[in-house]
Amino acid sequence: MNLPVILRARRAIGKLTPIPADCGRLCGARCCHGGKNDGVLLLPGEEKLLFLSPGLEKGKSENGRSYAFCRGKCVRRFRPFLCRIYPLGILLRGERILVTADPRAKRTCPLLLAPEYLSPAFIGAVRRAGEILKGDPEGRAFLRDLTKELRDYHRFIG
């Protein structure tokens, strides 16, 4: 995926966050700690931007997809796309973009216990970013893979 598409999707989110406060204070920023098994997938080509955030480590999954994980502190404006939309996920159903709770976040993110507090502006921005990705062939393929992964997680953890 070319960088302009990635940057447009990231700009669609902008500085919006799930709630109008530092949600990391609710849970001790659990989503920002972990190891190689707790990483987020990267958009195709997104790893080129991560050198700007020294708190992130990159790796490759078994199937060759790039991912990153956080050591607890990154340069926030350079964090990966999937970190920006957490605790939400984007599903591609036919031609429709659906924004849903990421099933992996259900065990770590207290915001999903009260989803009515999630910012409608944030949810709308995630949907717009999904539309941007859907318009790019590699972005669409990424969303198809992400949709399958999120559905598999949902079946596994409920």
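Quick notes on this structure:
- Residues in segment 106-122 that are assigned to a helix (DSSP H, G or I) and either in contact with a Cys (Cβ under 7 Å, 6 or more places away or on another chain) or touching a residue at least 12 places away in the same chain (Cβ under 8 Å) (or both): 106, 107, 110, 111, 112, 115, 117, 121, 122.
- Taking the numbered list (1) in contact with a Ser or Thr (Cβ under 9 Å, 6 or more places away or on another chain); (2) under 16 Å from residue 16 (Cβ atoms); (3) modelled with pLDDT of 95 or more in turn, residue 84 passes all entries but (3).
- Of all residues in segment 43-95, those being among the basic types (Lys, Arg), over 18 Å from residue 30 (Cα atoms) and free of Cβ contacts under 8 Å to residues at least 12 places away in the same chain number 2.
- Residue match in segment 90-112 (condition: under 12 Å from the mean Cα position of the chain (by Cα), of a type in the set (Lys, Arg) and either closer than 17 Å to residue 148 by Cα or surrounded by fewer than 14 Cβ atoms within 10 Å (Cβ to Cβ) (or both)): yes
- Scoring residue 134 on the criteria (1) free of Cβ contacts under 8 Å to residues at least 40 places away in the same chain; (2) in contact with a helix residue (DSSP H, G or I) (Cβ under 6 Å, 6 or more places away or on another chain); (3) of a type in the set (Lys, Arg) leaves a single failure, condition (1).
The values are calculated or read from the model by the stated rules, or taken from the named source; none is laboratory data. All of these numbers come straight from a predicted model, not from anything done at the bench. Heads up, the Cβs are rebuilt from the backbone with ideal geometry, glycines too, and the neighbour counts pull from every protein chain shown.
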